[in-house]
Structures are given as structure tokens and as C-alpha cells.
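Notes follow the structure.
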Amino acid sequence: MEINVASIISNFEIDGTYSSCNPTGSGHINDTYHIRTKEGCPADYILQRINHSVFKDVEHLMNNFLTVTRHLAIKQKNGVTDKQLLKVIPAKDGKPYFIDKTGNYWRVLNFISGGNVYEIAADPRMAFEGGKAFGSFLRQIADIPVESIFETLPDFHNAEFRIKNFWTSVKADPKERVKSIAEEIAFVRNRIDEMLAIPRLQSNGLIPVRVTHNDTKFNNIIFDSSNKAICVVDLDTIMPGSALFDFGDAIRAGAISTAEDEQDLEKVALDMNIFESYTRGYLGCTFDFLTDTEISMLAFSVRFMTFVIGLRFLTDYIDGDTYFRIKYDNHNLIRARTQFKLVESIEQHFDRMNEIVRSIALEFGRKIPH
């Protein structure tokens, strides 16, 4: 798709004159561009094409975005947070997005200057900063009423929904790929019952519904030159959810020893030093408002989220790669195999992970029962 960026950006209330753009980011869903102006003032911008095939209600999505960014701006004004903040640059008609002639939705955000982005935590110190970033983010948005936030992606982390979709795809086998993944199907079948533990706790009201980020990959944190976390980004998946989703996905994506599409499965493992440091940073910001049940399930949430993401990759492979952007044939299958190998590594370390969580919680005065 050929894009006239200058024409699109002219529909927004930016300062300065458009000069150039470069594609940026590694997300699976939206297209993102770094925008520079000739005057270089007051800063650069981020232009994004919102994938309205995935996010079908862009108006509500942007309402969520504005609710959170305005809430955080109030926190900053009151001295509660010193982080840099995302700001939505309005279109010239006052809306937080612009629709071009082909029906594509666009938005512009401020560019967080002096920032670095990483795919995984390079060392325990960076993991600690990442845990603080997402823990602090959850804390800052904890007083946003859940009912004020729209569910932009229904059933996004709903394991029961994902499992049902998986078996539907296996049965339909639209691309005749099922015969080649018998081992992966057996892996799923053998773990389904235990993966329903979190949904059962949710349905029994034992895990509270919170406003959560829901896409806590490490590359959604911006770090400064000294690798201090300065901003949490990618707020499209802000929804009612569980703190367990955020914690589990952060470890899944940030504490893996390889990329999420590593083909040499012997290299795939959970980095326990990263896990411990991230947990300490995260609990340092959340220990006083997470429930005992939430804290006791943090280690399991890593297994849960890794399994669910792997299941989604595998389902998309069966369906013909219709959701996640791929770079080569079998890319989603490789991603699924990497996630499932990580699940096995988590299972091997699971007892130690639980010990670490309880020990760190105790440092903050929370005694969590076994």
C-alpha cells in the first residue's frame, strides 16, 4: 500500500512543516512511522495507521486512549508520576484520528525523545526497570473506573475462547495444515485443563477485574540513555482485564533467552535472573494493592500467557495466517513452537518461580500462603 504521508499528516494539528518519515516499530498489527518536521520543533511525531480490521471500533479505542493519557497527565500535574507521557495530537476537525479517502484510520502522537526500545530485557537491571514501569503504570491507572473503559478486543486473553477457536480451526483445517502439526496439537491437549485455572478463578470472582494494559511486551517500554524506564506505550489494548495477564505476558516476552520466532528450540529458555529482577520491580509498585490470590498466581500467569499466545500463533497458522503479520512461510508455526518450548522451560522452573514470588512479597510485608 503506497502512502502519501505528507498528505495524511497535513490533517493534524502538528507544529512545524512535515519533512520526512521512517517506518519504525516491530508490532504485528499497526503501521508506525517516525515523523520529522523541517523546523524540528517542538519535537518529532509518531504517525500510526490503526488496523481497523483488528480494532473494529476505532472511536471507542481512541476514547480509551484519551481516558488513560488524560488520567496520567493529571497524575503528573499532581506530582504522582514523573514519567514522560503519550499525548494524542488532534486532527484538524478535533477528532483524535483521521480517516483517509480509502477508509484507513490514522492518529498522531508525540514522539518520546531520547528514548531506546528493546525487544527483551538485556540484563537484570533493565528487567527491574521494566517491572517498575508496568507495575507503576498499573498503579497509576488503578483508580480509573473499569466501567469507563471499552473492551476493544473482546475475549483477547480469554483462554476458553481461544481454546474453542483452536479446536474449531483444527476441525475446519482450511489450508490443510493440521496433518503436519500433530505434535503441537498433542501439546495443547495435554495442558488444556490446567490452563483453565485462571478462568475458573475469574468466574468465581477470586481475581478482580482491573483496567490493564494487556500487551506488556518489553518493546512497549521506552528507556532513556541510562536505561531508566521513561514511558509505557502502545495503549490500544487498554481494557478491563487482569493484572495476571500483564505480568505473565511481560515475562513471556521479556525473559525469554531468544526472539519469539527462534527456530533453534534448544536455545529457548526462561531467564530466571530476568524473572526475579522483573518480579522485584513489579511487586515493589503493586504489593500493597494486589490481592493474595493475584500474587500467588503470578508465576502460573507466565505459563498461562505463554500457552495462550502460542495457541493463538498456532491457530493463525492453521487458518492461513490471517491475523499476525508474517515474514515467511510457517512463521506463525515457528512462533507457536517457540512459545511451547518456553512453556516447557517455565514448567521446569515453576517451583523456584513460586518461591521467588513469595520471597519478594515477604520483603514487602506480604506473606502469601503456599
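Full extension of the segment from S257 to T17, taken as 0.36 nm per residue of separation minus the current Cα-Cα distance, would add 82.1 nm. Summing Lys and Arg as +1 and Asp and Glu as -1 over all other residues whose Cβ lies under 12 Å from the Cβ of D143 gives a net charge of +3. Net charge of the neighbourhood of V211, taken over other residues with C-beta under 12 Å away and scored Lys/Arg +1, Asp/Glu -1, is -2. Converting phi to 3J(HN,Hα) with the Karplus coefficients 6.51, -1.76 and 1.60 and the offset θ = phi - 60°, the stretch 125-140 yields 4, 5, 4, 4, 5, x, x, 4, 4, 6, x, 5, 4, 4, 5, 5 Hz in sequence order, with x at every glycine or proline. Taking θ as phi - 60° and the Karplus parameters 6.51, -1.76 and 1.60, the scalar couplings of the stretch 213-228 work out to 6, 6, 8, 8, 4, 4, 6, 9, 10, 9, 10, 7, 5, 9, 6, 8 Hz in sequence order, x denoting glycine and proline.
Secondary-structure-derived ellipticity at 222 nm for the chain, considering helices only, amounts to -14500 deg cm²/dmol, per-run term -39500 (n - 2.57) for DSSP H runs with n ≥ 4.
Along the axis of the charge dipole computed for the chain (Cβ charges of +1 for Lys and Arg, -1 for Asp and Glu, origin at the Cα centre), the listed residues T237, A299, V343 are led at the positive end by T237. Ranking of V268, V117 by neighbouring Cβ atoms within 10 Å, starting from the fewest: V117, V268. Exposure proxy ranking for E13, E129, E344, based on other Cβ atoms within 10 angstrom of each Cβ and starting from the fewest, stands as E13, E344, E129.
Each Lys or Arg adds one and each Asp or Glu subtracts one; over the other residues with Cβ under 13 Å from the Cβ of G365, this totals 0. Debye-formula intensities of the stretch 5-110, expressed as log10 I(q)/I(0) at q = 0.19, 0.24 Å⁻¹, are -1.04, -1.40 (one equal scatterer per alpha-carbon, no solvent). The charge dipole of the chain, taken about its Cα centre with unit charges on the Cβ atoms of Lys, Arg (+1), Asp and Glu (-1) only, comes to about 420 debye. Evaluating 6.51 cos²θ - 1.76 cosθ + 1.60 at θ = phi - 60° for every residue in the stretch 282-294, the Karplus couplings come out as 5, 5, x, 9, 10, 4, 8, 10, 5, 7, 4, 5, 4 Hz, glycine and proline recorded as x. Could you tell me which of rounded, prolate or oblate describes the chain, using a ≥ b ≥ c as the square roots of the eigenvalues of the alpha-carbon gyration tensor, with rounded for a/c under 1.5 and, failing that, prolate when a/b is larger than b/c and oblate otherwise? The shape class here is oblate.
Laboratory data are not the source of any read-out in this text; all were calculated from the coordinates shown. Because the structure is predicted, anything quoted here is derived from the model rather than measured. Reconstructed Cβ throughout: ideal geometry from the backbone, glycine too, with neighbour counts over all protein chains shown.
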